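Colleague: Sending over a structure as structure tokens; questions will come in a sec.
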């Protein structure tokens with residue numbers, strides 16, 4: 001391990017330079033205009049894997065390609081699959097960035113760039129870890145680095161690929177390298193993520209915008225209808241009113257709420273990361289519980305009529321919203337989608353057309369946080385950070401966690417090296433640059449820990 | 001009159017060409033980026049007035065300039081002030097236009113362009129009428145053409161100008177040339193317009209957008225709050241719920257509702273102009289009554305979060321809406337604005353900042369539809385169109401109508417030559433091109449009728 005640590009220390013400047021190269025590629029998967037950039041990022045990652053000593057390939061899909069790098073340690077060695085993604089979210093609103101999102105910049109030890117935390121740091125440090133292990137005496141596990149380019153766009157191609165290649169992948173353990181530590185100095189092993197159901201709601205009354213003086217008071221206003229629909233999603237206590245929404249919500253794992261009450265969840269630090277937002281939510285649950293074990297519903301965007309400068313007197317012909325639910329075990333996204341459609345349909349008044357389109361339906365994932373992977377992971381993280389990692393859940397969604405658990409192995413852990421306040425999906429996404437080195441060192445220890453155990 | 005008609009017929013092709021020149025100038029007053037275009041339009045109009053034989057001047061203001069053209073007929077002649085505006089609404093959504101908004105095009109006798117109906121047709125035909133009268137034996141009234149460049153942006157400069165120059169203007173009658181006929185073949189004299197109070201409502205929870213997985217369920221969503229505010233503006237019967245909103249609403253003029261019931265208001269034709277929208281509104285009132293004598297409230301635009309293609313999982317930090325009320329006599333815009341502020345403030349929950357900004361506050365206007373101006377106007381319109389004009393109200397707002405009546409003369413009539421279905425403020429704004437000729441001929445008769453009467 002000393003050797004690998006020394007190798008990482010000696011090469012860290014190069015790793016960071018390579019990280020910058022990857023961050024400069026605008027691999028925005030959700031916007032078709034950036035498809036070539038996503039492709040460029042895939043090629044870059046495969047070349048970098050080869051350079052590290054892995055056998056790499058770019059795997060075409062119906063969407064953006066997968067990139068896989070493999071190392072064979074032998075039939076008796078355990079097989080570890082590490083998942084990450086090389087695509088990123090759009091960067092808008094661009095004018096709220098303090099430095100350009102695709103020109104990475106380090107200020108006071110913090111790297112700022114779109115993808116710095118989510119998830120290109122993991123791409124780089126996972127490759128660096130494999131390179132360091134191989135360059136200093138071997139990699140004692142069969143390693144599969146499986147990186148996708150569509151995580152921010154629904155992971156549509158990964159699911160069929162994993163389903164069709166379950167036998168050739170056949171990992172004993174899966175590390176999902178796409179998450180945050182618990183605190184800046186406290187690593188975490190995450191054993192549960194929320195699912196997501198995403199909808200587009202549109203209200204249409206006319207095939208064009210109208211003059212609000214000539215029509216106001218005599219025709220429906222789709223913005224009013226949409227507002228009533230959105231307002232109806234919540235009651236006065238902040239609970240979601242869609243019928244049956246909470247019916248299948250599972251309790252927290254036994255003892256988890258009590259344990260979590262002792263780990264020092266820092267609400268103030270969390271609030272500081274929230275851009276000044278206050279903390280509010282469902283009665284009877286602490287903030288971390290609202291995120292980890294309770295579902296929610298949020299408008300992600302809405303638009304209608306004239307939104308430019310000045311006062312335009314239009315009566316909009318259409319209003320639309322993007323709305324998503326974060327789901328927990330054992331909510332069924334199919335049932336939630338059905339209930340959403342029924343809820344909205346019941347609110348559609350005469351004279352307007354209301355449509356709901358479901359664009360994502362992914363169930364939550366929750367593992368048993370024990371066994372070789374959790375033990376090896378905990379030991380590795382403690383060795384590097386000097387702190388016992390916490391075993392927690394997370395409010396975000398990683399649909400492939402659930403799929404890996406269902407089709408490959410139940411031994412799945414989420415272990416990422418971003419830190420709270422990373423501004424993922426927001427302007428000024430950031431990462432303490434030392435996380436690249438620490439993450440790489442931790443991963444080398446995970447290889448060793450798994451090889452020793454299994 | 002024969003002479004003036006002959007002159008107009010002989011010169012109509014030139015008038016239409018000049019109309020095209022004016023339409024090509026993108027005089028969008030509400031967007032500062034187009035300020036030079038508005039200035040160019042003012043210069044063009046003044047030059048055209050001089051060419052017609054009027055004394056013209058461009059009058060600078062704190063905003064866009066006024067253009068005035070005058071003719072002195074003598075101290076015994078009545079003075080007629082004709083108001084129009086040479087600015088236009090923005091053209092978006094651009095992609096819903098069938099031909100470019102600032103490249104006028106006639107198809108099947110219909111002219112399509114931004115400003116075709118609102119209000120550049122009136123600018124051209126009023127100048128053409130003055131030119132025809134002067135070129136064929138004289139103009140028997142003291143004529144003041146007062147055209148502004150800020151009608152679509154709140155008419156901020158016109159009001160102080162009129163207030164400060166009431167003595168030098170001192171008209172006996174005012175024609176406001178900015179409106180529609182009753183039907184394509186039935187002209188109208190409009191004696192009432194609704195007022196307007198325009199607001200910008202903003203809900204802010206954080207100084208940036210957040211990740212909906214990391215924060216959803218634990219922080220407020222400003223789009224939800226805004227939706228609740230908007231939904232609260234109406235009750236289930238479609239009545240505005242702002243406290244006291246209907247308290248000062250005056251009854252219709254005596255006999256007006258009964259008279260209006262006989263003039264053949266064509267709901268089906270109105271609905272055809274509404275882009276397929278259904279007709280709905282306040283119980284107990286016909287469509288034309290909802291527009292002419294009842295107030296309303298409409299969202300003109302709203303926006304929050306991510307509204308581009310695909311599914312971005314943001315939790316918005318801010319949501320905003322443009323909201324306007326159309327007002328009738330005797331609603332006081334000051335009281336309505338106060339009630340709006342109080343209504344919204346009462347709905348602001350803990351954890352978000354809700355602000356309301358009032359951007360326009362103009363009371364409704366309603367005249368007595370009798371006397372020299374209404375008689376001369378009715379005779380002129382009947383002579384040209386062969387149909388007795390109806391005396392009606394209108395749902396739109398012309399704040400200067402009220403000001404003219406309050407500061408200059410109660411003898412104010414709105415008389416414009418756009419026709420229903422003009423798509424004012426919307427894509428594919430249009431005008432039957434023969435309205436230029438007919439409007440000019442009618443105005444020459446108005447001059448004569450006023451001179452004879454007064």
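Where a number appears in this text, it was derived from the coordinates with a stated rule and is not lab data. Because the structure is a prediction, the values reported are computed rather than measured. Every residue, glycine as well, gets a Cβ built from its backbone with ideal geometry; the counts of neighbours run over all protein chains shown.
Colleague: Where does helix A:333-347 land angle-wise versus the long Cα axis of chain A, in degrees 0 to 90, nearest 10?
Modeller: Helix A:333-347 sits roughly 20 degrees off the main axis of chain A.
Colleague: How would you classify the stretch A:24-96 from its alpha-carbon gyration tensor, with a ≥ b ≥ c the square roots of the eigenvalues: rounded for a/c under 1.5, else prolate if a/b is greater than b/c, otherwise oblate?
Modeller: The shape class here is prolate.
Colleague: Related question: Any idea what the relative contact order of the stretch A:20-147 is, in percent, if you count C-alpha pairs under 8 Å spaced at least 6 apart?
Modeller: With pairs under 8 Å counted, the relative contact order is 33 percent.
Colleague: Roughly how far apart, in whole Å, are the Cα centres of the stretch B:22-100 and the stretch A:125-159?
Modeller: 66
Colleague: Points 7 angstrom from Cα along the Cβ direction at residue A:406 and residue A:237: gap in nanometres?
Modeller: Here the modelled spin labels are 3.2 nm apart.
Colleague: Using the alpha-carbon atoms, what tilt in degrees (0 to 90, nearest 10) does helix A:120-135 show relative to the longest principal axis of chain A?
Modeller: 10
Colleague: Between residue B:202 and residue B:346, 0.36 nm times their residue separation minus their Cα-Cα distance comes to what?
Modeller: So the chain would gain 50.4 nm between residue B:202 and residue B:346.
Colleague: Also, quick follow-up: Using r as the Cβ-Cβ distance of residue A:370 and residue A:17, and R0 as 51 Å, what FRET efficiency do you calculate, to the nearest 0.05?
Modeller: The computed FRET efficiency comes out at 0.80.
Colleague: Can you compute the modelled spin-label distance between residue A:36 and residue B:164, with each label point 7 Å from Cα toward Cβ, in nm?
Modeller: 5.7
Colleague: Something else: Calculate the FRET efficiency for residue A:156 and residue B:156 from the Cβ-Cβ distance with a Förster distance of 51 Å, rounded to the nearest 0.05.
Modeller: In this case the efficiency is close to 0.45.
Colleague: At a Förster distance of 25 Å, what's the computed FRET efficiency of residue A:2 paired with residue A:108, Cβ-Cβ distance as r, to 0.05?
Modeller: About 0.25, to the nearest 0.05.
Colleague: Using helices alone, what [θ] at 222 nm do you get for chain A, with -39,500 (n - 2.57) per DSSP H run of 4 or more residues, divided over all residues and rounded to the nearest 500? Please report the intermediate quantities before stating the final value.
Modeller: Values: 14 runs with 158 residues, N = 454.
Result for chain A: -10500 deg cm²/dmol, rounded to the nearest 500.
Colleague: Cβ neighbours within 10 Å, averaged per peptide: list B:257-264, B:56-63, A:294-301 in order, most packed at the top.
Modeller: A:294-301, B:56-63, B:257-264
Colleague: Run the numbers for residue B:10 and residue B:61: contour at 0.36 nm per residue of separation, minus the present Cα-Cα distance, in nm.
Modeller: Stretched out fully, the residue B:10 to residue B:61 stretch lengthens by 14.6 nm.
Colleague: Also, I was wondering about something else. Rounded if a/c is under 1.5, else prolate if a/b is larger than b/c, else oblate: which is chain B, with a ≥ b ≥ c the root eigenvalues of its Cα gyration tensor?
Modeller: Since a/c reaches 1.5 and a/b is larger than b/c, the shape of chain B is classed as prolate.
Colleague: Remind me, relative contact order of chain B in percent, using alpha carbon pairs under 8 angstrom and six or more residues apart?
Modeller: After rounding, I find 26 percent.
Colleague: Pairing the Cα long axis of helix B:372-385 with the longest principal axis of chain B, what angle in degrees results, from 0 to 90 and rounded to the nearest 10?
Modeller: The answer is roughly 80 degrees.
Colleague: In addition: Using Cα centres only, tell me the gap between the stretch A:246-269 and the stretch B:214-228 in whole Å.
Modeller: Cα centroid of the stretch A:246-269 versus Cα centroid of the stretch B:214-228: 22 Å apart.
Colleague: Treat each spin label as a single point 7 Å out from the Cα along the C-beta direction, and report the residue A:286 to residue A:359 distance in nm.
Modeller: Here the modelled spin labels are 3.5 nm apart.
Colleague: Okay, next question. Before anything else, pin down the relative contact order of the stretch B:302-409: Cα pairs under 8 Å, at least 6 apart, normalised by residue count, whole percent.
Modeller: In percent, rounded to a whole number, it is 22.
Colleague: Would you give the gap between the C-alpha center of the stretch A:297-325 and the C-alpha center of the stretch B:338-365, rounded to a whole Å?
Modeller: One Cα centre to the other: 19 Å.
Colleague: Based only on Cα atoms, what mean projected area does the convex hull of the protein assembly as shown have, in nm²? Before the final figure, lay out the partial values.
Modeller: Details: hull surface 156.6 nm².
Across all orientations, the protein assembly as shown yields a mean hull projection of 39.1 nm².
Colleague: Report the percentage of all Cα-Cα pairs in the stretch A:342-449 whose separation exceeds 23 Å, rounded to a whole percent.
Modeller: 49
Colleague: Where q = 0.12, 0.15, 0.23, 0.26 Å⁻¹, what log10 of I(q)/I(0) comes from the Debye formula for the stretch B:224-279, counting one point per Cα?
Modeller: The Cα Debye sum returns log10 ratios of -0.56, -0.81, -0.97, -0.96.
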